[in-house]
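**Q** The structure is given below, and queries will be raised subsequently.
Coordinate-derived values only; no laboratory data. The structure presented is a predicted model; accordingly, all values stated were derived computationally and were not measured. All Cβ positions, glycine included, derive from the backbone under ideal geometry; neighbour counts span all protein chains shown.
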Amino acid sequence: MSSEGKMKVVTCHLNADFDALSSLVAAAILHDAKLFFPGSGEKSVTQYYKNRIENNYELFISKNCDRSIDTLILVDFSDKKRIHKAVKEKIIPDTKIIIYDHHLKDENSYENAVVHFKKYGSNTTQMVCDIKAKNIEISPDDATNLIIGIYVDTGGFKYYGTVPADLEAAAWLLSQGADLKVVENIVSRDLEYDQISILNQFLINRKTVYIEGAKIAVSYSTSDEYISDIAIVVGKFLIISNLTAAICASRLRDKVYIIIRSRDPAIVDAKAIAKLFGGGGHSYAASAATTKTLTEVNLTLANWLRNLQLKSFRTEKLMSSPVVTINMNASIYDAESKMAKYAINSIPVVKGDKIVGILTRSLVERAIFHKLSSESVKKCMMTEFRTVGINSSFETIRKIMVEGRQRFLPVVKEGKLIGAITRT
């Protein structure tokens, strides 16, 4: 603490989880900083803080503090909008900002912050690595308070995104006396009766889809009473249903809480979904609370799921194959006969196995009207058109066919025609 009465303070995001709590402890150890816990919607996190953290580390208590913050350390987040107001009030223009996060810098972050970014499964991991590298002594209690964040945030080292550094950090903490019995008591405890009721509703109300091999479920529950640790229930739902991602909405009293858990953020980005409701979090774990009705929330989630399904569609799922074609040297009369036989409105014109044009019914009818039935189709065909490949996205196809108004879309592979997509 400086002679000017300023101080170092470490804080995490609102609605803290175990990784945020462990990150607080790690940063407090690294920087000899006062710890500010902004609260959590998870009962287990709050209880752990009260039982093992609150009385064992120096805390920042803003109520009776008339000093500004010299250095502010943000852990497990970088969005300044998610800083508790008690901390915000003590920030001055000269406050140095340090950020430890394992996700990309948020758009609402501080521009001139010193950022420590490591894409680890747990944010705590990178600070444990620093503690070890600097030979800072920690107690067995410290080690336990650090390992729980790593263990929970990596799903016991089973979640997508877990890296060797997470296991190495945990192994070092075990060597420093971390007590896994404490961790086991937290992560393996049985659900309470009201939580089981919510879990049953999730199982009954779920809608499950498969996208690119990923099993994704959207579900909901209701209760006239507030039930704590809904996030734990969602975690159980994820495991029981063997899901890649779970998106759950729970109406508790007069609010709807949205909890998202994803084992593969490349397919389901939890943070992006939470932002639809003004929430936040990480790509694999995020949440939001809203005063919207459950019906409104479910409609938003249904639209999101539909858009995700559409984006996952690839050409191969949409195209017809084989395609009826006509040789470029065939006559307009031959083309008209073939289109009538197969009841089609467009036909690709080929030279060998390569497409060189498209002939539409309107072009054929116009040629016949002008008595050009005996002319070759190459004289009447449309030669300016776009094609797609076998792995083109739904959005690419949509832009060509809707915005580009091309009703017949050839699919090619190595220049050869292998299929077609039509508006009908």
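**Q** What's the longest piece of the chain with no exposed GluC sites (Glu not before Pro), counting a site as exposed if DSSP puts it in a loop and it has at most 15 other beta carbons within 10 Å? Before the final figure, lay out the partial values.
**A** On the way: sites that count: E4, E54, E58, E89, E107, E111, E137, E192, E212, E225, E375, E384, E414.
So the longest stretch without any such site is 226-374.
**Q** What is region 177-298's relative contact order, in percent, from Cα pairs under 8 angstrom and six or more apart in sequence?
**A** Details: 222 pairs, mean separation 21.7, N = 122.
Reported relative contact order: 18 percent.
**Q** Between I61 and V356, 0.36 nm times their residue separation minus their Cα-Cα distance comes to what? Please report the intermediate quantities before stating the final value.
**A** Details: separation 295, 0.36 × 295 = 106.20 nm, distance 7.51 nm.
Fully extending the segment from I61 to V356 adds 98.7 nm.
**Q** Looking at the chain, what % of its DSSP beta bridges pair antiparallel, to the nearest 5?
**A** Values: 37 of 68 bridges.
So the antiparallel bridges in the chain amount to around 55 percent.
**Q** ³J(HN,Hα) across region 44-52 via Karplus (A = 6.51, B = -1.76, C = 1.60, θ = phi - 60°), whole Hz, x for Gly/Pro?
**A** 5, 5, 4, 5, 4, 4, 5, 7, 10
**Q** Also: Please give the net charge around G235, taking every other residue with its beta carbon less than 13 angstrom from that of G235, where Lys and Arg add +1 and Asp and Glu add -1. Each step should come with its number before you reach the end.
**A** Details: positive: K158, R189, K236, R261, R263; negative: D17, E42, D153, D229.
So the environment of G235 carries a net charge of +1.
**Q** Continuing with the same structure: Rounded to the nearest 500, what is the chain's calculated 222 nm mean residue ellipticity when only DSSP H runs of at least 4 contribute -39500 (n - 2.57) each, over all residues? Working shown, then result.
**A** Numbers: 15 runs with 147 residues, N = 424.
Computed mean residue ellipticity for the chain: -10000 deg cm²/dmol.
**Q** Could you give the size of the charge dipole of region 7-187 about its Cα centre, using +1 on the Cβ of each K and R and -1 on the Cβ of each D and E, expressed in debye and rounded to the nearest 20?
**A** Values: 21 positive and 25 negative charges, 71 e Å.
It works out to roughly 340 debye.
**Q** So what's the net charge close to G415: Lys and Arg +1, Asp and Glu -1, counting the other residues with Cβ under 14 Å from its Cβ? Show your work: numbers first, answer last.
**A** Numbers: positive: K351, K354, K413, K416; negative: D353, E414.
So the surrounding residues net to +2.
**Q** What does the charge count near V268 come to, summing +1 for each Lys or Arg and -1 for each Asp or Glu among other residues with Cβ under 13 Å from its Cβ?
**A** After counting each charged neighbour, the total is +2.
**Q** Go through I227, Y210, A246 and say which Cα lies farthest out towards the positive end of the charge dipole of region 193-312; charges sit on Cβ, +1 for Lys and Arg, -1 for Asp and Glu.
**A** Result: Y210.
**Q** Could I ask something else about it? Using 16 Å as the cut-off for backbone N distance, which residues of region 267-309 belong to the label zone defined by a point 7 Å from the Cα of Y210 along Cα→Cβ?
**A** Within reach of a label on Y210: 309.
**Q** Can I ask one more? Pull out the extension gain between L310 and V114, defined as 0.36 nm times the separation in residues minus the alpha carbon to alpha carbon distance; nm, one decimal.
**A** Working: separation 196, 0.36 × 196 = 70.56 nm, distance 4.00 nm.
Separation in residues times 0.36 nm, less the Cα-Cα distance, equals 66.6 nm.
**Q** Another question, then. For region 317-422, what is the relative contact order in percent, using Cα pairs closer than 8 Å and at least 6 residues apart in sequence? Numbers along the way, then the final one.
**A** Details: 165 pairs, mean separation 32.1, N = 106.
Once normalised by length, the contact order is 30 percent.
**Q** Further, regarding this structure: Can you find, among I138, Y284, G357, the residue farthest towards the positive end of the dipole of the chain? Put +1 on the C-beta of Lys and Arg, -1 on that of Asp and Glu.
**A** G357
**Q** Let me ask you something else. So which aspartates and glutamates pass the test for K90, namely a Cα distance under 15 Å, with those fewer than 8 places away in the same chain ruled out?
**A** Within the straight-line cut-off, K90 pairs with E4, D66, D70.
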